[in-house]
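I have placed the structure first, in the form of structure tokens, so that the comments after it can refer back to it.
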């Protein structure tokens, strides 16, 4: 985990040295792990810091560091219980500006996010379970995209969807992928 954190900090430092715009924000996330299309979603929130590197007036690379919390009482895939997840992610998106009036800029974004689970705990019938101890893999790679709007180069609104390309279960006999829907607001400077 220390290697992943060091790599994320180095990536952000390199991008930050030449970034034209930084952002800090957060939002709502609806996250699920589905096995053959079955599984319930957990709601939560996220906070993130981003750096935009403009390669042209229409194209940018946006990288960041994202902390995600999801949790709640849910009918999970194999049991009913209360669960809470703490995850750290590094999104790296290509951003394409499609509309620009000066004060408003609309864009599409797409790319991977590399996640590492800091903690995933469930409580089932009074028993506490560490989900990373024999159940879930802490590392996840998602690929996704979305749309966004920058207002007056000060506020960014985004809506995005990510699909996990890695099997989240530690057993190769069971396949399950994550899916996330996000709504967020960031302040740009």
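In a fully extended conformation the segment linking residue 119 and residue 103 would gain 1.7 nm over its present Cα-Cα distance, using 0.36 nm per residue. Ranked for footprinting exposure by Cβ neighbours inside 10 Å, fewest first, 80, 172, 52, 150 give 172, 80, 52, 150. Sorted fewest first by neighbouring Cβ atoms within 10 angstrom, 105, 82 come out as 82, 105. Which FRET efficiency value, to the nearest 0.05, do you get for residue 92 and residue 28 by plugging their Cβ-Cβ distance into 1/(1 + (r/R0)^6) with R0 = 22 Å? Computed FRET efficiency for residue 92 and residue 28 comes out at 0.50.
Helix 2-18 and the long axis of the chain differ in direction by around 10°, with both axes built from C-alpha atoms.
One way to sum up the overall shape of the chain is the equivalent ellipsoid from its Cα gyration tensor, whose semi-axes run 32, 17, 14 Å, largest first.
Build a GNM of the chain with springs between Cα atoms under 10 Å apart, and of 65, 96, 55 the one that fluctuates most is 55. In this rough spin-label picture, where each label sits 7 Å from Cα along the Cβ direction, the residue 128-residue 54 distance is 5.0 nm.
A short reminder: the numbers here are calculations on the coordinates, not readings from a lab. Quantities reported herein were computed from a predicted structural model and do not represent experimental measurements. Note that each Cβ is placed from the backbone with ideal geometry, even for glycine, and that neighbours are counted across all protein chains shown.
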